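Participant: I have a structure here, written as structure tokens, and I will follow up with some questions on it.
The values are calculated or read from the model by the stated rules, or taken from the named source; none is laboratory data. Please read all numbers here as calculations on a predicted model, not as lab measurements. Virtual Cβ from ideal backbone geometry, glycine too; neighbours counted across all protein chains shown. For accessibility, only protein heavy atoms count, side chains too; no ligands or nucleic acids. Shrake-Rupley method; radii C 1.70, N 1.55, O 1.52, S 1.80 Å.
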Amino acid sequence: MGLDQVYAHGWLPGPAPGGRGWARPATVLAVGLVAIIPLLPSLPLPTKATHTPTFFNSKNVLALPSGALALTLPYDIAPQNDALMWQAASGMRFRILGGDAFVPQPDGRTTWHWLPAGPNAALQVLRTDRYSSSPPPPTTQAAVSAVRQLIARYHISIVLVDRSVRYGPALSALVRRALGVPARQHGRMDVWLDVQRDLGRHPG
């Protein structure tokens, strides 16, 4: 069946008089382009170099139990997503407490800045930010107890602290007080490998 028969039966509109059948598609295309322009990103896209600790792409990372749940400090909350890079470099050897996820709230809305339930002192520790002008983590006995509760409640197996960042030494000192044992040092990383055992041996 030829196009002339298709047009004759009314299945497709015929070409506009005067051979201007291109006008409508051109108009639609122009409107579409105008609508898309505000959505285009500003170029060049901003980038920042990442410097993943060598621990995560060395054989030392094999000391981490495969699939273990890790508390990573500074805590993984956007834009502070270093722990996601640590995971990737390690071949996804461990899981993390945190990350970006859409979590439903009681009011029906969602948040993607997930913070675990726990005492306010623990949340203050997790909100310690290496990028903004946030205060240092609390160092009170309440904060030490809160970290212990957090580790116990979520059955955390390992703790990984980047000692090289701002407040890194303070976070590491807080974990050492909570667990009662010093970290294993691998470059800039402080690593605790069996924190449930440490909790049992050093009750707070």
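Participant: Out of all the residues in segment 160-182, which are in contact (Cβ under 8 Å) with a residue 24 or more places away in the chain and farther than 18 Å from Gln141 by Cβ?
Facilitator: Answer for segment 160-182, where residues must be in contact (Cβ under 8 Å) with a residue 24 or more places away in the chain and farther than 18 Å from Gln141 by Cβ: Leu160, Val161, Asp162, Arg163, Ser164, Val165, Arg166, Tyr167, Gly168.
Participant: Give the residues of segment 179-189 that are open to solvent by 10 Å² or more (accessible area, probe 1.4 Å) and within 15 Å of Trp86 (Cβ to Cβ), sorted by residue number.
Facilitator: His186, Gly187, Arg188
Participant: Output the residues belonging to segment 90-122 that are touching a Phe, Trp or Tyr at 6+ places or on another chain (Cβ under 9 Å), open to solvent by less than 40 Å² (accessible area, probe 1.4 Å) and within 23 Å of Met189 (Cα to Cα).
Facilitator: Ser90, Phe94, Ile96, Leu97, Gly98, Gly99
Participant: So, one more: Residue by residue through segment 65-81, note down the ones that are over 22 Å from Pro169 (Cβ atoms) and open to solvent by less than 50 Å² (accessible area, probe 1.4 Å).
Facilitator: The answer is Gly67, Ala68, Leu69, Ala78.
Participant: Please work out if Arg197 is part of a helix (DSSP H, G or I) and more than 22 Å from Leu62 (Cα to Cα).
Facilitator: no
Participant: So, in segment 91-130, exactly how many residues are of a type outside the set (A, V, I, L, M, F, W, C), under 18 Å from the mean Cα position of the chain (by Cα), over 18 Å from Ser157 (Cβ atoms) and modelled with pLDDT under 85?
Facilitator: Here the count works out to 7.
Participant: Checking the condition basic (Lys, Arg), open to solvent by 70 Å² or more (accessible area, probe 1.4 Å) and at pLDDT 95 or above, which residue from Arg201, Arg197, Arg166, Arg176 passes?
Facilitator: On inspection, the qualifying residue turns out to be Arg176.
Participant: For segment 123-152, enumerate the residues that are open to solvent by 60 Å² or more (accessible area, probe 1.4 Å), in contact with a helix residue (DSSP H, G or I) (Cβ under 8 Å, 6 or more places away or on another chain) and more than 14 Å from Arg166 (Cα to Cα).
Facilitator: Answer for segment 123-152, where residues must be open to solvent by 60 Å² or more (accessible area, probe 1.4 Å), in contact with a helix residue (DSSP H, G or I) (Cβ under 8 Å, 6 or more places away or on another chain) and more than 14 Å from Arg166 (Cα to Cα): Gln124, Thr139, Thr140, Ala142, Gln149.
Participant: For segment 102-128, how many residues meet the condition of being part of a strand (DSSP E or B) and either closer than 24 Å to Ala49 by Cα or not aliphatic (A, V, I, L, M) (or both)?
Facilitator: 6
Participant: Just give me the residues in segment 171-194 being assigned to a strand (DSSP E or B) and out of contact with any strand residue (DSSP E or B) (no Cβ under 8 Å at 6 or more places or on another chain), in sequence order.
Facilitator: His186 - this is the single residue of segment 171-194 that is assigned to a strand (DSSP E or B) and out of contact with any strand residue (DSSP E or B) (no Cβ under 8 Å at 6 or more places or on another chain).
Participant: Would you pick out the residues in segment 129-148 that are assigned to a loop (DSSP other than H, G, I, E, B) and either free of Cβ contacts under 8 Å to residues at least 40 places away in the same chain or among the basic types (Lys, Arg) (or both)?
Facilitator: The answer is Arg130, Ser132, Ser133, Ser134, Pro135, Pro136, Pro137, Pro138, Thr139, Thr140.
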